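The values are calculated or read from the model by the stated rules, or taken from the named source; none is laboratory data. Model, not experiment: these values are computed from the prediction. Here the Cβ positions follow ideal geometry from the backbone for every residue, glycine too, while neighbour counts run over all protein chains shown. The area values use the complete protein model at the heavy-atom level, side chains included, leaving out ligands, DNA and RNA. Shrake-Rupley method; radii C 1.70, N 1.55, O 1.52, S 1.80 Å.
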Amino acid sequence: MSFNSPQPATADIGVYGMGVMGSNLARNLARNGYRTAVGNRSVERTADFMGKHGEEAVFVPSHNMAEFISSLEPPRVGIIMVQAGAATDAVMESMAEHMEAGDIIVDCGNSLFSDTVRREAWCSARGLHFVGAGVSGGEEGALWGPSIMPGGTPESYDRLGPMFEAISAKVDGEPCCTHVGTDGAGHFVKMVHNGIEYADMQVIAEAYDLLKQRLGLSAGEIAEIFAAWNETELGSYLIEITAEVLRQVDAETGTPLVDLIVDRASQKGTGKWTVQNALDLAVPVTAIAEATMARGASSATEQRQAARTFAGHTANDEITNKEAFIEDVRQALYASKIVAYSQGFDQITEAAKTYGWDINRANVARIWRGGCIIRAVFLGDITEAYERNSELPLLMADENFAAKIDAAVPAWRRVVADAVLHGVPTPVFSSSLVYFDMLRAKRLPAALIQGQRDFFGAHTYQRTDKEGTFHTFWAEPGRPEEEA
Ligand code: NAP
């Protein structure tokens with residue numbers, strides 16, 4: 001190999017897994033003055049890393065796990081940055097074998113929070129700390145400052161916190177890193193972050209589609225609209241990059257690149273995890289679910305092909321006041337986005353109760369203001385909402401958001417109605433408006449469902465006019481009235 005074996009115990013922290021994320025995280029740590037041990041299953045990758053970046057700062061390379069661990073100063077901190085699942089288990093077990101009581105294993109990969117709960121218990125039984133830390137921001141974030149969401153014990157955060165806060169993104173001088181809660185809380189919050197990211201991307205895509213289909217605007221023209229929206233309360237990384245994506249022209253054909261990209265959205269699974277967990281907790285995260293399903297629908301190639309023959313019977317009138325329509329779409333986007341975030345925070349709230357985590361929601365919003373994919377001006381408003389009222393039962397009912405939603409509702413309804421009439425699919429715009437109407441309804445038809453359930457299954461119901469649980473011997477169709 002092209003590097004020397006490490007001197008014992010010279011590194012402050014180590015990163016195992018020299019893939020895209022691991023190598024950038026190691027460079028970020030080292031640039032911030034931490035002597036960083038680096039290791040990888042295939043040692044060629046470590047050699048390659050040292051060849052490219054070995055001179056940048058103090059790195060301590062290793063050929064195998066035993067060397068990697070022995071190069072760390074106790075209490076040792078070993079970060080795992082490999083694929084979630086079996087790879088993470090394999091690396092954790094190998095790390096634990098060489099560690100001593102009090103050492104800390106940190107999983108910075110995109111692990112499922114329930115795996116993190118299991119791993120924490122496994123390590124704890126061996127006297128080790130295990131910290132599942134969500135890291136968002138992609139490869140650039142890992143290198144220059146991600147948003148970091150660590151779980152685990154408060155003691156492990158005492159050791160890790162200063163290092164993680166130093167390498168995280170900063171907004172108004174504040175680090176985008178906080179101790180989220182115990183065991184799997186960090187990975188849970190990262191999972192919901194990704195779920196919200198799905199919804200945020202989908203509402204942006206729906207706004208683009210409406211501007212394209214209803215106004216016939218080109219990708220370049222829509223790019224300028226998104227660039228202008230980025231200066232409003234919608235200002236965010238995702239809106240900013242949307243303008244960039246729409247501006248891109250294919251050098252070969254001179255066509256906007258977006259018009260050449262196959263319209264099938266892929267997914268790696270964190271949206272699915274968020275929805276699966278929301279179903280377990282019975283939290284309606286309709287925006288995240290619709291966004292996840294929309295990716296599935298886009299990829300349903302055979303079904304889409306088979307459905308092309310439908311006439312659709314859409315209205316065909318044109319928009320006359322284009323400027324007013326663009327502003328309506330902007331407001332519908334903003335209102336739908338508030339719903340998506342409100343639902344995501346509901347999921348975090350319910351999970352904290354169910355799994356026994358003490359999660360400060362203002363701090364979660366605060367560490368999402370920078371470094372991560374959903375970073376936005378908007379997250380400052382969410383932080384303030386939870387600072388105003390830490391017990392807030394519904395984010396969208398916060399005085400600031402409630403006023404904004406109320407102001408946006410007429411535009412939101414016009415846009416959804418127009419989309420439905422003209423056959424432009426807007427699953428998250430539409431379902432978020434439906435969810436909003438369900439929450440504000442004085443009475444829902446759920447009463448009838450309770451009646452149906454009691455009819456066929458004696459599932460009982462409660463009444464509005466008296467306390468207790470009731471069951472009725474309902475009249476069945478055709479049965480004489482006196483038998484009922
Ligand atoms: P990557 O570039 O594909 O690298 C994968 C790494 O995992 C390599 O170092 C590989 O080692 C190692 N590995 C795979 N299977 C292994 C096993 N069974 N035992 C030991 N090592 C194994 O991956 P990445 O993009 O850096 O992602 C790493 C983690 O970060 C993942 O959990 C990912 O979900 C998460 N993440 C990624 C992003 C992103 O934008 N890419 C953002 C946030 C979080 P070898 O070289 O030996 O194959």
In nm, give the distance between the simple-model label positions of Ala297 and Ser124, each being 7 Å from the Cα along the Cα-to-Cβ direction. 4.2
Probe 1.4 Å - accessible area at Glu384, Å² to nearest ten: 90
Quick check: with the 1.4 Å probe, what order do Tyr208, Tyr341 take by accessible area, largest first? Tyr208, Tyr341
Report the accessible area of Leu29, computed with a 1.4 Å probe over the heavy atoms of all protein chains in place, in Å² rounded to the nearest 10. 0
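Could you work out the relative contact order of the range 190-440? I mean the mean sequence separation of Cα pairs under 8 Å and 6+ apart, divided by the number of residues, in percent.
28
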What does the highest-first list of 55-62, 76-83, 248-255 look like by mean Cβ count within 10 Å? 76-83, 55-62, 248-255
Which of Met201, Gly220, Ile239 sits closest to the plus end of the dipole of the range 197-240, meaning its Cα is farthest towards the positive end, when Lys and Arg get +1 and Asp and Glu get -1 on the C-beta? Gly220
With the crude spin-label approximation of a point 7 Å out along Cα→Cβ, what separation in nm comes out for Glu350 versus Ser266? 3.1
At 7 Å along the Cα-to-beta-carbon direction for both Ala86 and Trp144, put a label point, then send me their distance in nm to one decimal. 3.7
Taking R0 as 51 Å, what's the FRET efficiency between Leu448 and Ser42 from their Cβ-Cβ distance, rounded to 0.05? 0.25
I need the peptides 401-408, 98-105, 16-23 ranked by packing, meaning the mean over residues of other C-beta atoms within 10 angstrom, with the highest value on top. 16-23, 98-105, 401-408
Could you give the length gained by full extension between Asn64 and Thr255, i.e. 0.36 nm per residue of separation minus their alpha carbon distance, to one decimal place? 63.8 nm
Spatial extent of the range 199-306: Rg and Dmax, with the Cα atoms as the point set, Å: 15.8, 50
One quarter of the convex hull surface, Cα atoms only: what value does that give for the chain in nm²? 30.2
At q = 0.12 Å⁻¹, what base-10 log of I(q)/I(0) does the Debye formula yield for the range 285-348 when every alpha carbon is treated as an equal point scatterer in vacuo? -0.56
What does the C-alpha gyration tensor say about the overall shape of the range 380-484? Classify as rounded when a/c is under 1.5, otherwise prolate if a/b is larger than b/c, or oblate. oblate
Over the Cα atoms of the range 13-179, what is the Rg over Rh ratio if Rh follows Kirkwood? 0.93
Which net charge results for the neighbourhood of Pro256, defined as the other residues with beta-carbon distances under 13 angstrom from its beta-carbon, given Lys and Arg at +1 and Asp and Glu at -1? -4
